[in-house]
Amino acid sequence: MRGPAQRIADVINILSKWAVWAAGSLVFLTAILISVDVLGRSIFGLPVPGTFDLTGYMLAISTAWSFAFVHIRRANIRVDVAYALLPRLGRAVLDIFSAASILLLAVLLSWYGWEAFEGTLRRGSRVPFSVSLQLWYFQAMWLAGLCFFSLVSLLLFLLALKAFFTGQHVMVRDLVGVKSTDDEVNETLGATAKASSEQT
């Protein structure tokens with residue numbers, strides 16, 4: 001029977017997948033906009049107004065909404081030279097410290113994002129390429145992605161902390177630890193098998 005911790009992990013995993021699909025779609029739209037701008041400049045001598053600013057906003061939003069997925073999938077880079085040499089308890093301690101560090105980073109980014117958003121909203125700043133479009137529209141989506149990252153980081157940290165204090169050190173690694181070579185191989189084989197079954 002699945003416990004509440006596992007159900008919470010499943011929910012945030014699903015939400016992060018939706019978020020990263022939306023972020024990926026935004027990156028695709030950014031590439032299209034840049035391509036249209038380049039072609040317009042080279043062929044017709046007519047650039048798309050505001051491309052530089054708009055693509056910057058789009059990339060910032062897509063990046064913010066991708067952080068949570070990367071954290072859940074443990075795809076972030078960690079340089080733990082002595083990690084593999086430590087016993088399971090020592091690795092669990094490092095994993096908890098790493099999760100706490102990521103949580104602190106997420107909260108600081110969200111705090112900075114809120115300050116930027118609040119200042120823009122108070123001043124009524126507008127995007128450079130439009131007299132009618134408010135800048136806070138873009139910053140609100142960016143801030144929402146950072147806040148989602150903070151929420152996911154907090155949930156993962158609490159789940160890992162609970163697993164640590166209940167002696168489930170393997171679960172700590174599965175939640176916030178460094179991926180082993182076996183983990184990466186199994187993920188690749190699973191993705192390959194899934195792709196093969198969908199093609200048949």
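Let me know the shape class of the range 35-141, please: from the alpha-carbon gyration tensor, a ≥ b ≥ c as square roots of the eigenvalues, rounded when a/c is under 1.5, otherwise prolate if a/b is greater than b/c, or oblate. Because a/c hits 1.5 or more and a/b fails to exceed b/c, the range 35-141 counts as oblate.
One decimal place: the segment Arg78-Asp174 gains 33.1 nm when fully extended, by the rule 0.36 nm per residue minus the C-alpha distance. Fully extending the segment from Leu161 to Ser125 would add 8.8 nm, taking 0.36 nm per residue of separation and subtracting the current Cα-Cα distance.
Give the residue from Ala64, Ile43, Leu54 lying farthest towards the positive end of the charge dipole for the range 22-116; charges sit on Cβ (+1 for Lys and Arg, -1 for Asp and Glu) and the dipole is referred to the Cα centre. Most positive-ward Cα: Ala64.
Ordering of 83-92, 56-65 by packing is 56-65, 83-92, highest average first (other Cβ atoms within 10 Å, averaged per residue).
A short reminder: the numbers here are calculations on the coordinates, not readings from a lab. Since the model is a prediction, treat every value here as computed from it, not as a measurement. Because the Cβ atoms are built from the backbone with ideal geometry, glycine has one as well, and the counts that use them run over all protein chains shown.
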